[in-house]
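Below is one structure, written out as structure tokens; the observations come after it.
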Amino acid sequence: MAQTMVNFRMDEDLKKAMEQTCQEMGMSMTTAFTIFAKKVSREKRIPFEISADPFYSESNMKHLEKIISDIDAGRAKLVEHGLIEDGE
């Protein structure tokens, strides 16, 4: 079977972590991606669950847009909550 090159960009730290993990499993990153490609091709699906970050949900985006609009219009009421660190 003829071989071909596949190139793509990835965060450098992620690449290093992936290489380390593959090495610990006794395979190269090329082998891991080949296994992934074969499974996707055979099953016609991504072989693990992928979910969206709820931060980017339509309802949250609308909520954030309303807050920005209120800030821009001077209607925002800023309150302290538990996620804000004291800074001391």
inquiry  = Compute the distance from the alpha-carbon center of the stretch 53-79 to that of the stretch 10-27, in whole Å.
reply    = 38 Å
key: Helix-only CD estimate at 222 nm, as mean residue ellipticity for the chain, using -39500 (n - 2.57) per DSSP H run (n ≥ 4)   = -16000 deg cm²/dmol
remark   = Longest principal axis of the chain (C-alpha) makes with the long axis of helix 58-72 (C-alpha) an angle, in degrees to the nearest 10, of 40 degrees
task = Restrict the search to the stretch 19-79; then list the trypsin sites (Lys or Arg not before Pro) that DSSP places in a loop and that have at most 11 other Cβ atoms within 10 Å of their Cβ.
result = Lys44, Arg45, Arg75, Lys77
query = If you plug each phi of the stretch 40-47 into the Karplus form 6.51 cos²θ - 1.76 cosθ + 1.60 with θ = phi - 60°, what whole-Hz ³J(HN,Hα) values come out, in order, with x for Gly and Pro?
reply = 4, 5, 6, 8, 6, 7, 6, x
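Which three semi-axes in whole Å describe the equivalent ellipsoid of the chain, each the square root of 5 times a Cα gyration tensor eigenvalue, listed largest first?
Values: eigenvalues 395, 75, 32 Å².
Listed largest to smallest, the semi-axes of the chain are 44, 19, 13 Å.
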task = Would you mind finding the longest exposed-site-free stretch of the chain, with exposed chymotrypsin sites (Phe, Trp or Tyr not before Pro) meaning DSSP loop and at most 10 other Cβ atoms within 10 Å?
result = 49-88
ask   = What's the angle, to the nearest 10 degrees (0 to 90), between helix 12-24's Cα axis and the longest principal axis of the chain?
value = 40 degrees
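Where a number appears in this text, it was derived from the coordinates with a stated rule and is not lab data. Given the structure is predicted, the values throughout are model-derived calculations rather than measurements. All Cβ positions, glycine included, derive from the backbone under ideal geometry; neighbour counts span all protein chains shown.
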